[in-house]
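Q: The structure that follows is given in the form of structure tokens.
The values are calculated or read from the model by the stated rules, or taken from the named source; none is laboratory data. Bear in mind that the values here come from a model prediction, so they are computed numbers and not experimental data. Methodologically, a virtual Cβ is constructed for each residue, glycine included, from the backbone with ideal geometry; neighbour enumeration extends over all protein chains shown.
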Protein chains: 2
Amino acid sequence: MSSLQVLDAFRRSEPNGPVGLAIADFLRNAIVRNQLAPGQTLPEAELAQIMGVSRQPVREALIRLSEAGLLRILPQRGTRVTGISLAGVEGGRFIRQAVERAVIVQAAQRAGEAEIRRMERIVDAQVEAIREDDHAGFLRLDDALHQAFAQAAGIESAWSGLAAVKLQMDRVRYLSLPEATPVATLIAQHRAIAAAVAAHDAAAAEAAMAEHLSEVLSALPRLVARFPGHFDRGPEG
Amino acid sequence: MSSLQVLDAFRRSEPNGPVGLAIADFLRNAIVRNQLAPGQTLPEAELAQIMGVSRQPVREALIRLSEAGLLRILPQRGTRVTGISLAGVEGGRFIRQAVERAVIVQAAQRAGEAEIRRMERIVDAQVEAIREDDHAGFLRLDDALHQAFAQAAGIESAWSGLAAVKLQMDRVRYLSLPEATPVATLIAQHRAIAAAVAAHDAAAAEAAMAEHLSEVLSALPRLVARFPGHFDRGPEG
DNA sequence: GTTGGTGTACTACCATACCAAAAACTCCGG
DNA sequence: CCGGAGTTTTTGGTATGGTAGTACACCAAC
């Protein structure tokens, strides 16, 4: 009961593929956007009833999300949304910073006209999104920009390989949305990175990227203080 | 049928937890070690019969492995083992090199006496494993060593975050086992890295690690030539 | 020979029903 | 307050049946 009613919206969505996949996508979104709070229990039977399907596809969706680390299935006890693992977020930041620095160096060396224009167009779109208060759209464009960096470097697969790592960081980002990180600063950093890549200045690009990624989680301590219970201090939630 | 008889060994293994998890572990091992060749079809019903369980846990295991990218489920058509994605392996190498270089730099700065001794003990164990022709054990110790690097750097979570990326690379490593990469070279590189960390020489450690990780996939072109069909040229299998 | 349609077999997908095992909870007697 | 028996809840697993795509073989018509 209670806060699971968010999931009722699932009934009003036409599944384009297998239902189990649609449920997994739906729940993943709900968790990453913090519509389902950490610690929330998700009984199979109840989910099945609310979403209007049988237990089987629900169960499969829960397994998918447990593989992604978004929830934890405890046999004979229950399934609950995991807390945001501080160690996981820190590890993710470390991985992402290391990878994206290497990516941006290679991008600065290889990027062609088309890729550079594409990057600048995305940043312009971000400005537009902010002007319309579309914060979610801003985050999507942020992903698109970093993906464009990887494309410019000639290794798009390096970006898709970070998908798992990115999930935990995204939970933090959505949690900090109201907090309104200084988007002007972020956009300025994006422009600095793009400019360095356009100028084929690898060192400057790397420095700009390092600064940018350090700032992403600057709001983390405040968030931990304000939303305890959303986070797991221990090694594994 | 036919080559699925490898899976019959599952019946002679006591499941310590849920059967679905045990099946997933079993199949994951079989795929990574290339006991199940890419392209092999895995019908749910047949697997269930061979392994002596019902279809549901089999299905759940297949879903887990499809999330890991080891197999591909095509609705209403079948489930088959994925080919080793060349783009995925290259992306994995890039990610791992970027991360491990950053890790080893930090390890060289922070490592204490205990961590350094632990690293040297693992390398010694590798020499022992080679002397006994235990190549699988060598690979396990290789993972342990890299994990020890991460521990020494104070960010073990960075290593566990690479698990997904490592799977595809492991398939290549096991495929190259008979090929017998020059283990003497690998061990020499390990010693060089460990020595640089022990001397707290970050630059030397980074250089040694970069050289080491470049060599890991040196056998890849030969493997592609010898085992076509095990690999996917295209972007996604 | 080629094409176009039909029928059949196979597959994953989903629903339903039921039981088992383990943990959590309730409640009552001391 | 405590303790233990019984009940409830939950995931794990089995069994069965139906549905809807897909692929393939076959055959008739051109």
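Q: When residues of segment B:121-142 are filtered for being crowded, with 17+ Cβ neighbours inside 10 Å and acidic (Asp, Glu), how many remain?
A: Final tally of qualifying residues: 1.
Q: Here is a further query. Go through segment A:182-202 residue by residue and tally those that are within 15 Å of residue A:100 (Cβ to Cβ) and more than 22 Å from the chain's Cα centre (by Cα).
A: Of the residues in segment A:182-202, 4 are within 15 Å of residue A:100 (Cβ to Cβ) and more than 22 Å from the chain's Cα centre (by Cα).
Q: If you don't mind, there's one more thing I want to ask. Of B:175, B:217, B:167, B:223, which residue is more than 30 Å from residue B:113 (Cα to Cα) and in contact with a Gly (Cβ under 8 Å, 6 or more places away or on another chain)?
A: Step by step, each of B:175, B:217, B:167, B:223 is checked, and only B:167 is more than 30 Å from residue B:113 (Cα to Cα) and in contact with a Gly (Cβ under 8 Å, 6 or more places away or on another chain).
Q: Tell me whether segment A:81-101 contains one or more residues that are out of contact with any helix residue (DSSP H, G or I) (no Cβ under 8 Å at 6 or more places or on another chain) and within 16 Å of DNA strand D (Cβ to nearest atom).
A: Yes; the residues of segment A:81-101 include at least one that is out of contact with any helix residue (DSSP H, G or I) (no Cβ under 8 Å at 6 or more places or on another chain) and within 16 Å of DNA strand D (Cβ to nearest atom).
Residue by residue, here is whether (1) within 30 Å of residue B:192 (Cα to Cα); (2) modelled with pLDDT of 95 or more; (3) within 23 Å of the chain's Cα centre (by Cα) holds:
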{"position": "B:55", "(1), (2), (3)": "no, yes, no"}
{"position": "B:74", "(1), (2), (3)": "no, yes, no"}
{"position": "B:79", "(1), (2), (3)": "no, yes, yes"}
{"position": "B:85", "(1), (2), (3)": "no, no, yes"}
{"position": "B:88", "(1), (2), (3)": "yes, no, yes"}
{"position": "B:93", "(1), (2), (3)": "yes, no, yes"}
{"position": "B:102", "(1), (2), (3)": "yes, yes, yes"}
{"position": "B:106", "(1), (2), (3)": "yes, yes, no"}
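Q: Which one is farthest from residue A:73 (Cα to Cα), of the residues in segment B:3-51 that are within 13 Å of DNA strand D (Cβ to nearest atom), among the charged types (D, E, K, R) and without any contact (Cβ under 8 Å) to a residue 12 or more places away in the chain?
A: Filtering segment B:3-51 for residues that are within 13 Å of DNA strand D (Cβ to nearest atom), among the charged types (D, E, K, R) and without any contact (Cβ under 8 Å) to a residue 12 or more places away in the chain, the one farthest from residue A:73 (Cα to Cα) comes out as B:14.
Q: In segment B:82-100, what residues are facing another protein chain (nearest Cβ under 7 Å), of a type outside the set (A, V, I, L, M) and crowded, with 21+ Cβ neighbours inside 10 Å?
A: Passing the criteria: B:88, B:91, B:92, B:94.
Q: How many residues, within segment B:101-114, are away from every other protein chain (no Cβ under 12 Å), aliphatic (A, V, I, L, M) and surrounded by fewer than 21 Cβ atoms within 10 Å (Cβ to Cβ)?
A: Total satisfying the criteria: 1.
Q: Can you tell me how many residues in segment B:66-80 are of a type in the set (A, V, I, L, M, F, W, C), within 12 Å of DNA strand C (Cβ to nearest atom) and in contact with a helix residue (DSSP H, G or I) (Cβ under 7 Å, 6 or more places away or on another chain)?
A: Of all residues in segment B:66-80, those of a type in the set (A, V, I, L, M, F, W, C) come to B:68, B:70-71, B:73-74.
Remaining after also requiring within 12 Å of DNA strand C (Cβ to nearest atom): B:71, B:73-74.
Imposing the further condition that a residue be in contact with a helix residue (DSSP H, G or I) (Cβ under 7 Å, 6 or more places away or on another chain) reduces the set to B:71, B:73.
So the count comes out to 2.
Q: Could you please give the count of residues in segment B:134-164 that are among the aromatic types (Phe, Trp, Tyr) and at pLDDT below 95?
A: 2
Q: Further question: I'm checking my understanding of the structure. Among residues of segment A:146-166 that are under 15 Å from residue B:165 (Cβ atoms) and touching a Lys or Arg at 6+ places or on another chain (Cβ under 8 Å), which one is farthest from the other protein chains (Cβ to nearest Cβ)?
A: Checking each candidate, the answer is A:166.
Q: Given the conditions (1) within 12 Å of DNA strand D (Cβ to nearest atom); (2) among the aliphatic types (A, V, I, L, M); (3) touching a residue at least 40 places away in the same chain (Cβ under 8 Å), and given that residue A:68 satisfies all but one, which numbered condition is not satisfied?
A: (1)
Q: Still on this structure: Taking segment A:35-57 on its own, how many of its residues are exposed (fewer than 14 other Cβ atoms within 10 Å of the Cβ), part of a loop (DSSP other than H, G, I, E, B), within 12 Å of DNA strand C (Cβ to nearest atom) and more than 14 Å from chain B (Cβ to nearest Cβ)?
A: 1
Q: Looking at B:167, B:217, B:213, B:175, which is the one that is closer than 28 Å to residue B:28 by Cβ and in contact with an Asp or Glu (Cβ under 7 Å, 6 or more places away or on another chain)?
A: B:213
Q: May I pose another question? Name the one entry in B:77, B:121, B:72, B:117 that is more than 8 Å from every other protein chain (Cβ to nearest Cβ) and under 21 Å from residue B:28 (Cβ atoms).
A: None of the other options fit; the residue is B:72.
Q: What is the residue count in segment A:58-80 for residues that are assigned to a strand (DSSP E or B) and surrounded by 23 or more Cβ atoms within 10 Å (Cβ to Cβ)?
A: Here the count works out to 1.
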